[in-house]
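Please treat every number below as a calculation from the coordinates, not as lab data. Just so it is clear, the model here is predicted, and its values are computed rather than measured. Heads up, the Cβs are rebuilt from the backbone with ideal geometry, glycines too, and the neighbour counts pull from every protein chain shown.
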Amino acid sequence: MAVVTVDFDGTLYQGNSFKVMFQAAKKEFVFKQWVVVGAGIVKATVSGLLNGKNAFRLQFFRAFAQSFKGKTSQELDDFFVKLVEIGIKDANQDLVHKIREHQKQGDTVIVLSGALFPFLRAFTKKLDLNVHVISTELQFDQNGICTGNLGSIVNGIEKVNKVKEWMEVHQEDESHPAETWAYADSKSDIPLFQFVKYPIVVNPDQGMKEAAKKNNWSIFAS
């Protein structure tokens with residue numbers, strides 16, 4: 001059995017999740033939520049100017065999570081189902097087929113991403129994929145109400161940490177460790193590529209093509 005991790009943005013999902021979130025928010029958000037998101041965009045822009053594109057994305061992500069404060073888990077599930085309805089057309093169907101091939105061989109597939117857990121759960125359900133999901137969690141209080149805060153963002157080296165934790169819990173025979181695979185697309189996934197036995201770069205840009213060539217990583221192009 002192998003443990004196969006699959007990234008979301010740019011990999012299983014070929015659209016722009018930030019764009020899709022805005023599209024769904026236009027239909028669902030009230031004025032108060034837009035105030036929160038607007039303030040977050042200002043902070044994200046400043047952070048991006050000072051610290052780069054990734055800092056902008058992380059700050060924006062946190063601001064969007066704040067807009068969910070006060071929502072129940074059911075309300076959030078309903079929102080993310082609508083999000084999936086907008087974005088499902090951009091699912092990477094070639095990779096979906098590859099995932100099914102892995103599963104037929106008895107491999108365990110984990111969708112491993114910094115995207116929000118309820119979004120990935122709804123997305124994989126829509127694709128009829130029975131996979132594990134490890135991703136960024138929204139936090140809830142004792143009454144099941146979203147606090148607007150996030151758990152650890154599953155990105156970069158945190159992906160490696162999460163896979164290690166998962167394998168420690170689920171690996172039955174430690175004397176015969178499972179083979180590890182990773183399908184992903186970006187430079188932030190390089191720590192994961194260096195950790196697994198079989199790194200697969202999906203639809204790479206020029207920078208990742210060069211990294212794949214330098215490191216002899218396989219390329220999966222759909």
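A few comments on the model shown:
- Spin-label model, residue 215/residue 78: points 7 Å from Cα along the beta carbon direction are separated by 4.3 nm.
- Pairs beyond 24 Å (Cα-Cα), from 98/213; 69/164; 82/187; 187/214; 19/71: 69/164; 82/187
- Label reach from residue 2 (point 7 Å along Cα→C-beta): in region 92-116, amide nitrogens under 18 Å belong to 94-112.
- Rounded FRET efficiency, nearest 0.05, which uses the C-beta distance separating residue 88 from residue 206 and R0 of 35 Å: 0.80
- Proxy reagent accessibility, fewest Cβ within 10 Å first, across 79, 18: 18, 79
- Label sites at residue 161 and residue 179, each approximated as a point 7 angstrom past Cα along Cα to Cβ, lie 3.0 nm apart.
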